[in-house]
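Comments concern the structure below.
Quick note: the coordinates plus some simple rules give every number you see, no bench work behind them. In this text, all values refer to a predicted model and were calculated from it rather than measured experimentally. As a convention, Cβ positions derive from the backbone with ideal geometry for all residues, glycine included, and neighbour counts pool all protein chains shown.
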Amino acid sequence: MASQEMEQLVRREYKEGFVTDIESETVPPGLDESTIAFISNKKGEPEWMLEWRLDAYRQWLKMTAPSWAHLDYPPIDYQAISYYSAPKRPEDRPQSLDEVDPKLLETYEKLGIPLHERAALAGVAVDAVFDSVSVATTFKDKLHEAGVIFCSISEAIRDYPELVRQYLGTVVPTADNYFAALNSAVFTDGSFVFVPEGVTCPMELSTYFRINAANTGQFERTLIVCEKQAQVSYLEGCTAPMRDENQLHAAVVELVALEDAKIKYSTVQNWYPGDENGKGGIYNFVTKRGDCRGDRSHISWTQVETGSAITWKYPSCVLRGKDSIGEFYSVAVTNGRQQADTGTKMIHLGEGTRSTIVSKGISAGRSNQSYRGLVKIGPRAKGARNFTQCDSLLIGDTCGAHTFPYQEIGNSTATVEHEATTSKIGEDQLFYCQSRGISEEDAVNMIVNGFCKDVFQELPMEFAVEAEALLNVTLEGAVG
Amino acid sequence: MSDVQSFLDRLAERNAERGSEPSWIAARRQAGAARFEAMGFPHRRIEQWKYTDVRAISRGDFRLADSAEFSPASAAALTLPIDGYRLTFVDGVFSSVLSDLADLPSGLAVQPLSQALAENHEAVGGPLGRLTGVEFSAFSALNTAFFEEGALVRLAPGTVVEKPIVLQFLSRHADSAVMSHPRILVEAGGRSEATIIEHHVGEKDAANFTNLVEEIMLDRGAILTHYKLLESPEQDLHIASIHVEQARDSRYTSFNLTLGGGLVRNDLITDLNGQGAEATFNGLFHGRNRQHVDNHTLANHNAPHTFSRENYKGILDDRAHGVFNGKVIVKRDSQKIEAEQSNANLLLSDRAQINTKPELEIYADDVKCAHGATTGQLDEEAVFALRARGLDEATARGLLTLAFAGEVMDQVGLDVIAERVELTVAGKLPERFNLAGLVQAAVALNED
């Protein structure tokens, strides 16, 4: 067929060299091998990277979108999406906060977001980037001193190709699933973190401090590697609602922990959930997986999911190393017409591996939420241990809460426990609060925050405070 | 495909032998065959069959039995020593010799299906297939294509039957394997009350395939206790689709006790359609060697104020494989629901495997639903506590294993069954736990 010609074409395009004039070009909607070559070219990637992307694309073509999740959305037209767009030019953005949707500003107010940050979050064109730039620069110096590499994935592919090549796709293979394959083919942004042996990262890392993170990509790819005895805590997202015209988001996050390494990954996701009728919200299909490769390594996922019209996300741990530990703490809140199918997979392969899963789901309005988890104990995982708790809270009689916990146990020395409850807020709890002069809405917020406490205390402190505020805002109007 | 075809060929042969039948039966057979042909045998890429491989069935070559001969001596040894009304089927064929329907009280009808069809086929045609149609699974379609025999139990409103109704299915050892597609139809009228014991057992080396469809309809306030005791030989293949329909204030209690069978799949579904309806699912499965036991249960809370409770326990040894999938669905507006679900498993060997999935699907807010699943080994502290009291380790472990099963067995109201199960469980435990003597002593002590 024409595939040979295509390959030639692809190669030829590549030979034309690197294009630096990023701002002037975007690709029209549609996806084929030339789009991928274009992206790779734009990013100035080496040839192996292009091959890797094309391989992913070819596998993606053979796959079909998964239909097993408890989600209901119209089929996505992948040819209607533009897979590369240059960063927005200042003149296309709102010129001041006055041009921004007042509803959005109201939310910022409630979340207590500092004034100077609001403009940046709302996408207002600001020439001199606000305060945090200087802060960020100081951070960069400090990280450099410690030997930690923290940059965008595109920079990493350019500057540290061997490191990236060694780890990229080793945790989430290109053909892992439909959305991961798509991401592998077209990813344009994301972070790369490398913590060398014995180093404890001197600060919590966050995309917020990565200067060029202003334009968070639609197809993000994040890779975090901790060498022996290294430690890092990474924060993704922020509590402020984020507007984005791209409806489909398909990110991939890969974590690699070698011997005695520890990675803590916290996420607060608050993408636009759509209007009252569920129109226009973000579809968030994320593949996140951590590989505890070394003995005694430790990977911990904490997530607060309040946004997106559709969430499809299962941060997982492959516990390969002896005595390695995996943790998953999650709060998911859905309101309006949101749908979330989220959970985790703990794959116990090594001896003495341990995992903990705590999942708290809150459904309100006309939303639907599912916990879907897998605990798998391999035949060699002697003495493996898992504890799972997933609780659902229902607010209102038009929402749904579902639990689908899979347990596959193939070792007699394993101990696996799963507990789940579903209930509504107790009338007696509400009465107790109200009889002490607390309004119904505040009482509900208090009870919900108490319900989520086990997870919030796993979050870095500032995040935890913000997450509580976020929860209250998300549930606004759900009661009464 | 060819697997499916060999079953369809068998059906064509049988249809030719059978001669003319009422038109609705012929039409259902056709619908069943068409559906079966369209679906084919389930494979592991279908979520419902993810952990169960049915190739032992699809690749098998099964005849249909046409006699119910069984040596009276061995039948007597297999039969439960219990005083009840008894229907016996040998490889799916009704045996009047081994049945005992003397002195049926008024208001109770217990009949082989063939007889009921011969007497008044239209009265059977209405309820039969109402709950489990050909759509349910390839196996229910296959059953509908082949069905001939089975048991029909009717309770007139207000009838309270003291003695249990025993439905005995014997599997015979022969040179070639056979299959049977029995139906059980239970219609319990308002406020009636009965106990049904379904007992599957057979000759040691039998390797037959049973594909059972049961439909149980409970009218207002009816109370039914249903024991399904499976002690089939370890080469037998057993698929059962049990569908219960519960009207207001009815109570259904199931004891699903699986101790035998090589490949066992039970689908137990209840539709709680009326307020105050209550379902209790108790289950115990004990597998060893290469036994495969799959239990899928579903409680559909279709009405407010309905209750379901489920407690399944599994003991797995050698290379046995257990599957538990419990599901509770609470429909929108079905408020004031209470549903509890628990599955605990004990693995006695490193090669034993369990896949468990307790699911909840809830669309109403005023509900109290909880589920739990645990898998592990015996509590070492409990073993220590018993040893400190002078028991040797083997006995201590054996006793604790029995105690693990005891949580379900304690609910069993019929001593004959409780003892039988305890003995079988004790007998199936590894040599190092051999407790049969101890249990016998305990039983004897009980009787004194």
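A few notes on this one:
- Under the combined filter of DSSP loop state and at most 16 neighbouring Cβ atoms within 10 Å, the range A:272-334 retains these GluC sites (Glu not before Pro): A:276.
- Counting only DSSP beta bridges with both residues in the range A:131-426, the antiparallel share comes to about 5 percent.
- With the gyration tensor restricted to C-alpha atoms of chain B, the semi-axes of the equivalent ellipsoid amount to 33, 26, 23 Å, longest first.
- Average partner coverage of B:343-355, which counts Cβ from other chains inside 10 Å: 4
- Cβ charges +1 (Lys, Arg) and -1 (Asp, Glu), total dipole of chain B, debye: 860
- For the range A:392-452, the alpha-carbon coordinates run over 54, 26, 16 Å along the three principal axes, in decreasing order.
- Annotation note: GluC sites (Glu not before Pro) in the range A:402-475 located in DSSP loop regions with a Cβ neighbour count of at most 16 within 10 Å are absent.
- Here the Karplus curve 6.51 cos²θ - 1.76 cosθ + 1.60, taken at θ = phi - 60°, turns the phi angles of the range A:452-460 into couplings of 8, 3, 4, 8, 4, 6, 7, 7, x Hz, with x standing for Gly and Pro.
- For residue A:369, the residues whose amide H sits under 5 Å from its own are A:340, A:400, A:401, A:402, ignoring neighbours fewer than 5 places away on the same chain, with H placed 1.01 Å from N.
- In a DSSP loop and with at most 11 other Cβ atoms within 10 Å, the trypsin sites (Lys or Arg not before Pro) in the range B:1-59 are B:45, B:59.
- Calculated on alpha-carbon atoms, Rg and Dmax of the range B:1-158 in Å: 17.8, 51
- The peptide list B:296-303, B:331-338, put in order of mean Cβ contacts within 10 Å with the highest first, becomes B:296-303, B:331-338.
- With the charge dipole of the protein assembly as shown set up from +1 on Lys and Arg Cβ and -1 on Asp and Glu Cβ about the Cα centre, the Cα lying farthest toward the positive end among the listed residues A:148, B:71, A:324 is that of B:71.
- Gap separating the Cα centres of the range B:16-65 and the range A:381-403, nearest whole Å: 37
- Relative contact order (%) - criterion: Cα under 8 Å, at least six apart; region: the range B:2-273: 16
- Share of alpha-carbon pairs per 5 Å distance bin for the range A:325-366, given as whole %: 6, 19, 23, 16, 13, 10, 6, 5, 2
- Peptides A:291-303, A:221-233 ranked from most to least packed give A:291-303, A:221-233, packing being the mean of other C-beta atoms within 10 angstrom over each peptide's residues.
- Interchain or long-range residues, amide H under 5 Å from residue B:234's placed H: B:261
- Per-residue shielding of B:375-384, expressed as the average number of other chain Cβ atoms within 10 Å of the residue Cβ, stands at 3.
- Dipole size of the protein assembly as shown about its Cα centre, with +1 on Lys/Arg Cβ and -1 on Asp/Glu Cβ: approximately 1080 debye, rounded to the nearest 20.
- Mean residue ellipticity at 222 nm, helices only, chain B: -8000 deg cm²/dmol; runs of at least 4 DSSP H residues each add -39,500 (n - 2.57), and the sum is divided by the number of residues.
- Treating r as the C-beta distance of residue B:106 and residue B:21 and R0 as 41 Å, the FRET efficiency rounds to 0.85.
- Cβ charges +1 (Lys, Arg) and -1 (Asp, Glu), total dipole of the range B:135-270, debye: 380
- Straight Cα distances below 25 angstrom link residue A:42 to the lysines A:15, A:88, with same-chain residues fewer than 8 positions distant left out.
- Span-like helix ranges in chain B, DSSP H, alpha carbon extent 15 angstrom or more, Kyte mean at least 0.0: B:393-409, B:415-428, B:436-447
- For the protein assembly as shown, the residue among B:188, B:106, B:12 whose Cα projects farthest onto the positive side of the dipole built from Cβ charges is B:12.
- Shielding value for A:419-430 is 4, the average number of Cβ atoms from other chains within 10 Å of each residue's Cβ.
- Whole-Hz couplings from phi, Karplus 6.51/-1.76/1.60, listed for the range A:170-181; x for Gly and Pro: 8, 9, 10, x, 4, 9, 4, 7, 3, 6, 5, 5
- Residue-wise HN-Hα couplings along the range B:67-75, as the Karplus relation 6.51 cos²θ - 1.76 cosθ + 1.60 with θ = phi - 60° gives them from phi, are 10, 10, 5, 7, 5, x, 5, 6, 4 Hz; Gly and Pro carry x.
- Unit charges at the beta carbon, dipole of the protein assembly as shown: most positive-side option, A:36, B:261, B:335: B:261
- Euclidean distance between Cα centres, the range A:322-370 to the range B:134-156, Å: 41
- Separation in nanometres of the label points that stand 7 Å from Cα toward Cβ, at residue B:9 and residue B:380: 5.8
- Least to most buried among B:217, B:39 (fewest other Cβ within 10 Å first): B:39, B:217
- Taking amide H atoms as placed 1.01 Å from N in the peptide plane, the amide H of residue B:314 lies under 5 Å from those of B:285, B:344, B:345, B:346, each 5 or more residues away in sequence or on another chain.
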